[in-house]
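Below is one structure, written out as structure tokens; comments come after it.
The values are calculated or read from the model by the stated rules, or taken from the named source; none is laboratory data. None of the values given here were measured: they were computed from a predicted structure. Quick reminder, even Gly has a Cβ in these numbers, built from the backbone with ideal geometry, and neighbours come from all protein chains shown. The area values use the complete protein model at the heavy-atom level, side chains included, leaving out ligands, DNA and RNA. Shrake-Rupley method; radii C 1.70, N 1.55, O 1.52, S 1.80 Å.
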Amino acid sequence: MSDAVEQRDERWPLLPPILAALGLAAGLIAHWIIGTGYQAEVSALRLALLSFVSVSAILFGFVVIRTDLIRSAVFALGCGAVAALILYFNGATSGWSATEGWRLVCLALAIGIAAPLFQAGREGGFRPLSYPLAHDHAWTNAVLWCLAWAFVGVVILLSFLLAALFDLIGIELLKDLLQKEWFWRPLVGLAFGLGLALLREQRRIVGLLQNVAMLVLGVLAPVLAVGLGLFLLALPFTGLQPLWEATRATTPILLACSVGALLLVNAVIGNGGDDAPRNRVLRWAALVLAVAILPLVVIAQFSTALRIGQYGFTPERLWGLTFVIIASVVAVAYLVSVIRGRRAWAQRVRAANLYLAMIVCGVALLLATPLVSFNAMSTRDQVARLESGEVSPDKFDWRALAFDFGEPGRKALERFKASKNEAIRKGATEAATAKYRWDAPDGTEAVREESLDKTLRILPAGTPLPPELRDAIAESWECGEQRCTLTFLPGGKEAVLLTYAQLKRRDGTIGLSAGRVERYALVRGKWADPVETENASTDAAVKARVTAGLDAGEIEVRPVQRRQVFVGGVPVGDPFE
């Protein structure tokens with residue numbers, strides 16, 4: 001941390017009591033807004049009020065200085081008002097979709113970027129922003145945020161320790177208070193405000209911790225640079241196909257690596273001047289990371305495009321596509337800075353960071369609003385795929401419309417409930433009336449059942465597979481992706497399903513190992529899991545006999561004969577009756 005930054009905030013004795021009182025008041029108001037007990041739905045008005053209070057109070061604690069109280073308060077209140085309006089128009093939580101949390105992430109990101117830009121602009125008289133000031137404020141705010149919450153954690157732990165101590169002598173007041181929401185919520189606010197104020201007064205200590213964090217991240221830069229370099233060099237030999245086959249999280253992993261590279265690059269190059277690295281290894285590592293971001297993002301682009309091309313739009317994929325586009329802009333900016341800057345590439349990256357920060361701040365703020373509705377876009381795309389016949393009704397993800405696409409998805413379900421197509425009408429009705437998401441059909445069972453012809457072997461060979469048993473096996477996800485063997489026991493009223501685990505040998509070939517064993521039985525004309533059927537059919541008379549036996553002390557141990565599946569003379573799975 002530079003001397004100029006260390007000297008910009010003189011000691012202010014009133015800051016700790018001011019921020020402590022502000023945190024206490026914010027906690028009390030937040031408790032009044034939230035109320036007590038669990039609430040399944042939070043109204044839009046309460047969300048708006050809560051965001052206004054919390055965002056304004058927290059931001060004021062970070063940006064306030066004695067010489068500029070008015071502008072600090074105006075900025076904090078303005079950001080709080082923006083956050084309140086956004087959450088108000090996003091609606092009550094009952095209308096939120098599964099990916100709605102990304103809007104909150106974008107809102108937090110926009111505010112987190114705006115704060116250091118405001119702090120740097122204020123100190124520079126709102127002339128062209130100073131990168132060293134913006135850089136130092138951004139890292140300082142991050143360190144203060146983490147340390148303030150660490151202080152809150154220490155206060156809470158100390159409170160519980162004191163409560164336990166007084167409880168030893170029969171004084172339960174503090175223990176009872178810590179269980180009251182009206183007490184611990186203001187306590188958290190007070191602790192956060194007080195901790196933030198005390199830490200802000202210790203500029204040199206915070207600066208030292210910031211330097212330590214930058215040093216640690218800088219040391220990690222060569223490690224990540226070597227890892228990413230080897231990964232990219234190996235791709236021409238392995239190809240991209242293993243990336244699509246290994247996991248469905250290819251895009252998140254690649255984006256996480258890109259974000260990590262971005263952070264380590266900036267940790268190494270610092271804010272310029274004396275903060276620039278003198279170690280040649282660190283400089284080269286930062287250069288490799290700055291260049292490696294683009295190929296990682298390009299692969300993420302292909303991965304995202306492949307998933308969208310196969311399965312269409314969903315809110316999750318649209319969020320992923322948005323993050324990939326933002327990462328692409330950053331990657332291109334860094335590569336251009338490296339090419340044009342050559343030896344002075346770090347200086348160009350620092351200049352680009354200011355513009356990128358402003359762009360990301362604006363885009364994140366836009367994404368936090370309901371102006372961009374990924375739910376509506378996804379609903380239109382998926383409905384078009386269904387109506388065009390590209391996806392059959394039995395393979396359509398009705399669960400997503402009911403639980404993941406928000407209000408547009410639920411409206412589409414209501415429309416499909418009146419469809420002339422019986423299969424569409426059935427799927428929409430089941431999804432619309434499902435109380436829990438796992439009760440709604442998602443189309444995977446039909447896909448698994450279709451794949452059984454390739455993955456399922458039946459013994460004895462030629463034995464017909466009853467439709468009900470086929471449906472029961474299709475519910476097991478293992479047989480949709482791995483080989484399975486269904487063996488009918490003598491009599492044809494019992495069957496055991498053996499799934500295989502694929503093992504890769506040292507020579508590269510794939511071997512099979514016996515895995516999970518499931519048992520099915522024909523009970524009252526239907527194929528089902530006999531254990532579940534027996535448990536479900538246990539009547540009150542049996543329970544009464546057990547209760548009476550316990551009361552009478554009639555407990556004994558009897559030998560029980562059990563059976564078990566053997567494969568190649570080796571026992572597999574658990575014994576059963």
- Item | Phi-based couplings in Hz for segment 457-472 (Karplus 6.51, -1.76, 1.60; Gly and Pro marked x) | 10, 10, 10, x, 4, x, 5, x, 9, x, x, 5, 5, 4, 5, 5
- Item | q = 0.07, 0.08 Å⁻¹: log10 I(q)/I(0) that the Debye formula gives for the chain, counting C-alpha atoms only | -0.66, -0.83
- Query: Binning every alpha carbon pair distance of segment 162-290 at 5 Å from zero, what are the percents per bin?
  - Reply: 2, 9, 11, 12, 10, 9, 9, 9, 8, 8, 7, 4, 2, 0, 0
- Message: Which one, PHE405, PHE62, SER51, projects farthest toward the positive side of the charge dipole computed for the chain from Cβ point charges (K/R +1, D/E -1)?
- Response: PHE62
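Give the accessible surface of the chain per residue, rounded to a whole number of Å², with probe radius 1.4 Å and ligands, DNA and RNA excluded. Mind showing how you got there, number by number?
On the way: 32480 Å² over 577 residues.
Spelled out: the 1.4 Å probe surface of the chain, per residue, equals 56 Å².
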- Message: Within the chain, which is the longest segment that contains none of the chymotrypsin sites (Phe, Trp or Tyr not before Pro) sitting in a DSSP loop with at most 14 other Cβ atoms within 10 Å?
- Response: 127-435
- Message: What do you get for the angle between helix 203-238 and the principal long axis of the chain? Use alpha-carbon atoms, 0 to 90 degrees, nearest ten.
- Response: 50
- Message: Translational diffusion coefficient of segment 29-132 at 37 °C, 0.692 mPa s, Stokes-Einstein with Kirkwood Rh over Cα pairs, in µm²/s as a whole number.
- Response: 219
- Item | Residue-averaged 222 nm ellipticity for the chain, from DSSP H runs of 4+ at -39500 (n - 2.57), nearest 500 | -22500 deg cm²/dmol
- Task: Considering only DSSP beta bridges where both residues belong to the chain, give the percentage that are antiparallel (nearest 5).
- Result: 85
- Dipole of the chain, positive direction: furthest Cα of ALA221, GLY272, ALA384, with charges on the beta-carbon: GLY272
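Please report the orientation-averaged projected area of segment 79-231, defined via the convex hull of its C-alpha atoms, in nm².
Quarter of the Cα hull surface area: 15.2 nm².
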- Just check segment 183-240 against the gyration tensor rule for me: Cα atoms, a ≥ b ≥ c as the square roots of the eigenvalues, rounded for a/c under 1.5, and otherwise prolate or oblate depending on whether a/b exceeds b/c. oblate
- Can you pick out the pairs among LYS493/LYS543; LYS395/LYS420; LYS420/LYS454; LYS395/LYS454; LYS435/LYS493 whose Cα atoms lie more than 23 Å from each other? LYS493/LYS543; LYS420/LYS454; LYS435/LYS493
- What size of dipole, in debye to the nearest 20, comes out for the chain about its Cα centre when the only charges are +1 on Lys and Arg C-beta atoms and -1 on Asp and Glu C-beta atoms? 1720
- Which of the trypsin sites (Lys or Arg not before Pro) found in segment 27-82 are loop residues per DSSP with 15 or fewer other Cβ atoms within 10 Å of their Cβ? none
- What's the angle, to the nearest 10 degrees (0 to 90), between helix 444-455's Cα axis and the longest principal axis of the chain? 60
- Message: Please give me the summed charge of the neighbours of THR93: other residues whose Cβ is under 10 Å from its Cβ, Lys and Arg +1, Asp and Glu -1.
- Response: -1
- In whole angstrom, how far apart do the alpha carbon centroids of segment 180-199 and segment 110-144 sit? 26
- Message: Please compute the contact order of the chain in relative form: average sequence separation of alpha-carbon pairs under 8 Å and at least six residues apart, divided by the residue count, as a percent.
- Response: 11
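Where the accessible area of the chain is counted over protein heavy atoms with a 1.4 Å probe, how much of it, in %, is carbon and sulfur? Walk me through the numbers on the way to the answer.
Numbers: 20820 of 32480 Å².
The value for the chain is 64 percent carbon and sulfur by accessible area.
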- Query: Among the GluC sites (Glu not before Pro) within segment 108-192, which fall in a DSSP loop and have no more than 14 other Cβ atoms within 10 Å of their own Cβ?
  - Reply: GLU172
- Compute the long axis of helix 280-311 from its Cα atoms, compare it with the longest principal axis of the Cα atoms of the chain, and write down the angle in degrees, 0 to 90, nearest 10. 40
- Computed from every Cα-Cα pair in segment 275-375, P(r) in 5 Å bins starting at 0 and rounded to whole percents is 2, 12, 18, 18, 17, 13, 9, 6, 3, 1
